[in-house]
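Report on one structure; see the data block that follows.
The values are calculated or read from the model by the stated rules, or taken from the named source; none is laboratory data. These numbers come from a predicted model, not from an experiment. Cβ sites come from the backbone with ideal geometry, for glycine too, and all protein chains shown count toward neighbours. The area values use the complete protein model at the heavy-atom level, side chains included, leaving out ligands, DNA and RNA. Shrake-Rupley method; radii C 1.70, N 1.55, O 1.52, S 1.80 Å.
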Amino acid sequence: MNFHVLTLFPEMINDGVNTSITGRAISKGLISVNAVNIRDFAGNKYGQVDDYPYGGGAGMVMQPGPVYRSYESIKEKIGYKPRVIYLTPQGKVFNQSMAEEFAEEKDLVFLCGHYEGIDERVLEMIVTDNVSIGDYVLTGGELPSMVMIDAISRLVPGVLNNDVSAEFESFNDNLLEYPQYTRPAEFMGKEVPPILLSGNHPKVDEWRRQQSILRTMERRPDLIKDANLTSADKKYIRSLEEND
Ligand code: ADE
């Protein structure tokens, strides 16, 4: 899977993705991250890429030409029109299902804005998806694009060491992950739940499932309505409600 990031701060992207699991995935050739400097497409000797907004107002607006030419350079390189994600607080809020959908693509282009935004005309011409990473305003699209690259990469086969872990974790099936424990069995007087030391795997699975449900109900009750609950799950929920 190839990520192309159109940005005025390519070093920020390169510094961010070349470590940890994404860094290893890049070394293994499972993903590539190509940070393209929009300024290289300025088309003037000063490297100017922004100008004052028509109609007045604070700040500067990124000009359409450099953005368009940087996009064209990628389109020409890969030989087709890729999906182009514009990172903006005005977009659809990113979630795990969107990560799964984007992970199906061969190439993804991320367009990072700065200053007061990007000239609307070029957005209309090239952007296929407007995406926000949450209801707050950041200084640019670089961190959001790295957040998305991280979430999408880990769904690419081989990127995580163990294939199962992408399957059984938070947000799979709209349930939060169960709590995890490791040695020591007792830490500062707090013990690991005894069932986990029992060796009874069906009981462990049942306990974990119930912990997932309990956690989701306590921490993210908005998710539970979209979870795929079995009749045993529903019975467990009823028993919780009866004890309330
Ligand atoms: N750019 C600025 N704020 C953003 C946000 N919350 N999500 C995506 N892109 C942004």
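General observations
- You can think of it this way: the chain between Asp205 and Ser97 has 36.4 nm of extra reach, that is 0.36 nm per residue less the Cα-Cα gap.
- The mean accessible area for residues of segment 2-161, using a 1.4 Å probe and ignoring ligands and nucleic acids, is 52 Å² per residue.
- In nm, spacing of pseudo-spin labels at Glu120 and Thr182 (7 Å Cα→C-beta vector): 5.3 nm
- Simple point charges give the picture: +1 on the Cβ of Lys and Arg, -1 on the Cβ of Asp and Glu, and for the chain a dipole about the Cα centre of about 440 debye.
- With Cα atoms, 0 to 90° folded angle of helix 201-219 axis to the chain main axis: 60 degrees
- Vicinal HN-Hα couplings computed from phi for segment 33-39 (Karplus, 6.51 cos²θ - 1.76 cosθ + 1.60; Hz; Gly/Pro x): 10, 10, 8, 9, 7, 4, 4
- Segment 7-66, relative contact order [Cα under 8 Å, separation at least 6], %: 27 percent
- The relative contact order of segment 170-242 comes to 40 percent, based on Cα pairs under 8 Å that sit 6 or more residues apart.
- Of Lys106/Lys234; Lys92/Lys235; Lys203/Lys225; Lys28/Lys92; Lys28/Lys77; Lys203/Lys234, pairs whose Cα-Cα distance is over 28 Å: Lys106/Lys234; Lys92/Lys235; Lys28/Lys92
- Of the residues Ile224, Pro157, Ser97, the one whose Cα sits farthest towards the positive end of the charge dipole of the chain is Pro157 (charges of +1 on Lys and Arg Cβ, -1 on Asp and Glu Cβ, taken about the Cα centre).
- Value at 222 nm in deg cm²/dmol, rounded to 500, when DSSP H runs of n ≥ 4 in the chain each add -39,500 (n - 2.57): -11000 deg cm²/dmol
- With an a/c value of 1.5 or above and a/b larger than b/c for the gyration tensor axes a ≥ b ≥ c computed over the alpha-carbon atoms, segment 2-161 is described as prolate.
- For Thr7, the shell of other residues with beta-carbons less than 10 Å away shows a net charge of -1, using +1 for Lys and Arg and -1 for Asp and Glu.
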